[in-house]
1. Identify which of Thr114, Thr64, Thr85 has the largest mean-square fluctuation in a Gaussian network model of the chain, with springs joining Cα atoms closer than 10 Å.
2. What list of ³J(HN,Hα) couplings, whole Hz, do you get for the stretch 11-20 from phi and the Karplus terms 6.51, -1.76, 1.60, once you set θ to phi - 60° and write x for glycine and proline?
3. On the protein heavy atoms, probe 1.4 angstrom, tell me the percent of accessible surface of the stretch 65-123 carried by carbon and sulfur.
4. For the chain, what's the relative contact order in percent, using C-alpha pairs closer than 8 Å and at least 6 residues apart?
5. Test of understanding: in a Gaussian network model of the chain with alpha carbons linked when under 10 Å, which of Arg32, Arg71, Arg125 would top the mean-square fluctuation ranking?
6. Could you tell me how far the Cα centroid of the stretch 93-113 sits from the Cα centroid of the stretch 30-54, in Å?
7. Looking at the chain as a GNM with Cα springs under 10 Å, which of Ile90, Ile67, Ile55 has the largest mean-square fluctuation?
8. How large is the accessible surface per residue of the stretch 82-151, computed with a 1.4 Å probe and reported in Å² as a whole number?
Amino acid sequence: MSPGSPLGLESGAIPDSSITASSYYNSEVYPRFARLNGPHRWCSSESNTDQWLRIDLGEVFMVTGVITQGRANTERWVTSIHISTSLNDIDWIFAIDPLSNGPKVYPANYERNTHVTSLLPNPLRARYVRIHPITFMNYVSMRVEVLGRVI
């Protein structure tokens with residue numbers, strides 16, 4: 001399966017207003033700063049499993065996965081994630097692990113700068129993508145890109 005192409009977080013094609021989150025720590029770590037390879041990052045106000053970063057792709061794509069990266073300037077990153085998608089921003093579907101039949105746990109980063117690619121078991125039609133941090137090093141903080149292809 002092709003991993004797909006970047007859908008526009010890093011390039012800026014996805015506007016700042018399309019990147020939201022469950023929370024953010026302060027104005028230096030807004031969700032809009034969660035762009036892969038960017039000098040900034042998103043950092044949640046709480047470090048627990050109730051946090052998420054949401055990306056509105058602006059139209060429906062076949063989403064194939066995400067790329068994660070830690071915080072550029074300090075030892076903070078997410079070590080595992082869930083991925084969910086939606087067509088309407090109301091009904092969310094988690095990527096399912098075919099072995100457990102539950103939400104798939106993806107390994108994420110082991111340090112702050114490496115890219116870790118997490119591919120969905122099956123591409124999903126989606127306009128919205130949420131990345132749900134499960135475990136983390138020191139704090140929930142990350143930079144991301146969504147992968148996919150035009151339908």
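The values are calculated or read from the model by the stated rules, or taken from the named source; none is laboratory data. These numbers were taken from a predicted model, which means no experiment stands behind them. Every residue, glycine as well, gets a Cβ built from its backbone with ideal geometry; the counts of neighbours run over all protein chains shown. Quick note on the areas: whole protein, heavy atoms, side chains included, nothing else; ligands and nucleic acids left out. Shrake-Rupley method; radii C 1.70, N 1.55, O 1.52, S 1.80 Å.
1. Thr114
2. Per residue, the Karplus-derived 3J(HN,Hα) values read 6, x, 4, 7, x, 3, 5, 8, 10, 10 Hz.
3. Numbers: 1590 of 2940 Å².
With neighbouring chains kept in place, the figure for the stretch 65-123 is 54 percent.
4. Values: 424 pairs, mean separation 52.9, N = 151.
About 35 percent, as a whole number.
5. Ranking Arg32, Arg71, Arg125 by mean-square fluctuation puts Arg125 first.
6. For the stretch 30-54 versus the stretch 93-113, the Cα centre distance is 18 Å.
7. Comparing Ile90, Ile67, Ile55 in a Gaussian network model of the chain, the most mobile one is Ile90.
8. Solvent-accessible surface per residue comes out at 51 Å².
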